[in-house]
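Visitor: Sharing a structure with you now.
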Amino acid sequence: MTSNQKLAVVTGAAGFIGSHLCEGLLKEGYKVRAIDCFTPYYGRDYKDSNLAPLVGQERFEFHESDLRTADLFPLLHGADVLYHLAAQPGVRASWGEDFVVYAGHNITATHRLLEAARGSELRRVVYASSSSVYGEAVSAQTKETDLPRPISPYGVSKLAGENLMSVYASQFGLETVSLRYFTVCGPRQRPDMAFTKMLKAAFEGEAFPVYGSGEQERDFTFVGDVVAANVAAAERGESGAVYNIGGGNPVTLNQTIQFVEKHTGEKVRVKNLEAAEGDPKRTAADISLARDVLGYAPKVSVQDAIGEQVAWFKGKQGPLSRSKGPVL
Ligand SMILES: NC(=O)c1ccc[n+]([C@@H]2O[C@H](COP(=O)([O-])OP(=O)(O)OC[C@H]3O[C@@H](n4cnc5c(N)ncnc54)[C@H](O)[C@@H]3O)[C@@H](O)[C@H]2O)c1
C-alpha cells in the first residue's frame, strides 16, 4: 500500500493543532478521517474557521462525534494511524468542579479509543501529551526520564492518558507513541492562550493578564514543527515511548510581549494578577531523544512564530475577534 492510500484518523481535528495536523497529513498524501465534537471551551465559530480550509477536500471526511459516547469501531475502521489530539485543554480551568470535564474528555475518551483501537487493524496510535505532566522542572532541560510530577489537575489528566497508552502497548501489543508538546504557538492558537490574548491586547485594546512577575519561562513550539513531529512519530517512534517536542529556545513571558510589540508596532497593555496555581515557573525541553529517533528539528523560532501568528490574526475575518473565549 502506498502512502497516498493510507487513512489517518485525527481526533480534535477542529482544534488549533488538530486542524494543522489534518492539513499536513493531506499534504503527505494521506486520506484523513477527522473527528471533533465542538466542546464549548471556546467558540464554535473559531473551530469552523479552523476547518474551513479542509472541508470539501477530496481526501478529507469529517465526523461530528463525541469520543466519550460514540460508537468508535466504525470510526477507526480501515485506518492505518490514529492521532489522538482531542482533549479538554487549559491548566487554570482544571481546578474545582470542572475536573469532571477533564476526566471525561482526557481520560474516559482516551480509554474508550484504546479499547476500540485494540480490536482494529490500526498500525499505530500517536497521543498528544503535554509538558504539563512534568510539573516544576527539576533540571535545566527536562528529559523524558525525569519523574513526571504534575502540579495541576490538567497535567494529571494528560499523564493518565499517556499511561493508558503505555498500558495498551505493553499489555495488548498495540503500538503507541506519546509526544509531550511544550506550549504550542502559531496561526489559529486557542483564544485562551497567551499570544492570542496579547494580539487582542495589541489590536483591540483588551488588557493582557500577566499572572505573577511575567518572568516565567516557556519553551514555545511552532505548530508546524509539532505537525512534523506527529508524522515522524507515526513512522519512526519506538512503540510505548514518549518524546519531548519543544522549540529548543525558552524565553520569558515578558520577552514575548516585547516580540509581539515589535511585530505589531502596537503597545500591549498589561493587567498584573497573582501567580496562577498550577502554572510552572519554567518549562524547557531536552529534545535530543526526539532529534535522534524521530529526526525532529524545530525550524521556526518563537520570534518568527509570533510573526506568523500576527499575520494570521491580522488576516482573520470577524468571527474570531467576536469570540469571547473560553467557557466550560
Ligand atoms: N496548545 C498547546 O500548547 C498544547 C500543549 C501541550 C499539549 N497539548 C495537547 O494538544 C492537543 C490539542 O490541543 P489544542 O491546543 O489544539 O486544543 P483545542 O481545544 O484547540 O483542540 C482540542 C479539540 O478536541 C475536541 N474535543 C475535546 N474532547 C472531545 C471529545 N470527547 N470528542 C471529540 N472531540 C473532542 C475539542 O472540541 C477541540 O476542538 C490536546 O490534547 C492538548 O492537551 C496542547
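The values are calculated or read from the model by the stated rules, or taken from the named source; none is laboratory data. Computed from a prediction, not measured in an experiment: that's the story for all the values here. All Cβ positions, even for glycine, are placed from backbone atoms using ideal geometry, and neighbour counts span all protein chains on display.
Visitor: Step by step: first the residues of segment 48-61, then only those that are farther than 23 Å from M193 by Cα and in a loop (DSSP other than H, G, I, E, B), then the one that is nearest to the ligand (Cβ to nearest atom). Which residue is that?
Guide: Residues of segment 48-61 that are farther than 23 Å from M193 by Cα, as a first pass: 54-61.
Now restrict to residues that are in a loop (DSSP other than H, G, I, E, B): 54-59.
Working: L54: 13, V55: 14, G56: 19, Q57: 18, E58: 23, R59: 21 Å.
It comes out as L54.
Visitor: Can you pull out every residue in segment 170-191 that is over 27 Å from Y42 (Cα atoms) and either crowded, with 21+ Cβ neighbours inside 10 Å or within 12 Å of the ligand (Cβ to nearest atom) (or both)?
Guide: The answer is L174, T176, V177.
Visitor: For segment 265-293, name all the residues that are assigned to a helix (DSSP H, G or I) and touching a strand residue (DSSP E or B) at 6+ places or on another chain (Cβ under 6 Å).
Guide: If the condition is that a residue be assigned to a helix (DSSP H, G or I) and touching a strand residue (DSSP E or B) at 6+ places or on another chain (Cβ under 6 Å), then L289, A290 are the ones that fit.
Visitor: Can you tell me which residue in segment 62-75 is nearest to R118 (Cα to Cα), limited to those that are in contact with a strand residue (DSSP E or B) (Cβ under 7 Å, 6 or more places away or on another chain) and either part of a loop (DSSP other than H, G, I, E, B) or away from the ligand (no atom under 15 Å from the Cβ) (or both)?
Guide: It comes out as L67.
Visitor: Here's a check for you: in segment 294-327, which residue that is outside any helix (DSSP H, G or I) and surrounded by 14 or more Cβ atoms within 10 Å (Cβ to Cβ) is modelled with the lowest pLDDT?
Guide: S323
Visitor: Does segment 217-235 contain at least one residue that is away from the ligand (no atom under 16 Å from the Cβ), at pLDDT 95 or above, over 28 Å from K47 (Cα atoms) and over 16 Å from the mean Cα position of the chain (by Cα)?
Guide: Looking through segment 217-235, at least one residue is away from the ligand (no atom under 16 Å from the Cβ), at pLDDT 95 or above, over 28 Å from K47 (Cα atoms) and over 16 Å from the mean Cα position of the chain (by Cα).
Visitor: Which one of K27, K6 is farther than 15 Å from Q57 by Cα, over 14 Å from the mean Cα position of the chain (by Cα), more than 11 Å from the ligand (Cβ to nearest atom) and not acidic (D, E)? Steps first, answer last, please.
Guide: Details: K27 fails: farther than 15 Å from Q57 by Cα.
Selected residue: K6, the only one of K27, K6 that is farther than 15 Å from Q57 by Cα, over 14 Å from the mean Cα position of the chain (by Cα), more than 11 Å from the ligand (Cβ to nearest atom) and not acidic (D, E).
Visitor: Also, quick follow-up: Residues to consider are A86, A116, A128, A160; find the one that is small (G, A, S), within 11 Å of the ligand (Cβ to nearest atom), out of contact with any strand residue (DSSP E or B) (no Cβ under 6 Å at 6 or more places or on another chain) and modelled with pLDDT of 95 or more. Can you show your working first?
Guide: Working: A86 fails: out of contact with any strand residue (DSSP E or B) (no Cβ under 6 Å at 6 or more places or on another chain); A116 fails: within 11 Å of the ligand (Cβ to nearest atom); A160 fails: within 11 Å of the ligand (Cβ to nearest atom).
Criteria check complete, one pass: A128.
Visitor: Further question: Could you tell me which of the residues D66, D45, D80, D71 is charged (D, E, K, R) and buried (at least 17 other Cβ atoms within 10 Å of the Cβ)?
Guide: It is D80.
Visitor: Could I ask something else about it? What tally of residues in segment 52-96 results from selecting those that are within 20 Å of L179 (Cβ to Cβ) and among the aromatic types (F, W, Y)?
Guide: The total comes to 1.
Visitor: On to the next question. How many of the residues in segment 9-24 are more than 11 Å from the ligand (Cβ to nearest atom) and either closer than 20 Å to G186 by Cα or hydroxyl-bearing (S, T, Y) (or both)?
Guide: Going through segment 9-24, the residues more than 11 Å from the ligand (Cβ to nearest atom) turn out to be 9, 22-24.
Subset that is either closer than 20 Å to G186 by Cα or hydroxyl-bearing (S, T, Y) (or both): 22-24.
The number of residues fulfilling the criteria is 3.
Visitor: Starting from segment 85-98, keep only residues that are under 15 Å from A275 (Cα atoms) and in contact (Cβ under 8 Å) with a residue 40 or more places away in the chain, then list their pairs with residues that are of a type in the set (G, A, S) and part of a helix (DSSP H, G or I) whose Cβ atoms are within a distance under 7 Å, requiring at least 6 positions of separation or different chains.
Guide: Listed by first residue and then by second, the contacts come to V91/S132.
Visitor: Criterion first (within 15 Å of the ligand (Cβ to nearest atom) and part of a loop (DSSP other than H, G, I, E, B)) does P40 satisfy it?
Guide: yes
Visitor: Just one of (1) modelled with pLDDT under 95; (2) part of a helix (DSSP H, G or I); (3) among the aliphatic types (A, V, I, L, M) trips up A140, so point out which.
Guide: A140 satisfies all of (1) modelled with pLDDT under 95; (2) part of a helix (DSSP H, G or I); (3) among the aliphatic types (A, V, I, L, M) except (2).
Visitor: Evaluate the following for D45: is it within 15 Å of the ligand (Cβ to nearest atom), acidic (D, E) and assigned to a helix (DSSP H, G or I)?
Guide: So D45 fits the description; yes.
Visitor: If S132 satisfies every condition in (1) buried (at least 24 other Cβ atoms within 10 Å of the Cβ); (2) at positive phi but one, which is the exception?
Guide: (2)
Visitor: Might you let me know whether segment 192-212 holds any residue that is buried (at least 23 other Cβ atoms within 10 Å of the Cβ), assigned to a loop (DSSP other than H, G, I, E, B) and at negative phi?
Guide: No, there is no match, as no residue in segment 192-212 is buried (at least 23 other Cβ atoms within 10 Å of the Cβ), assigned to a loop (DSSP other than H, G, I, E, B) and at negative phi.
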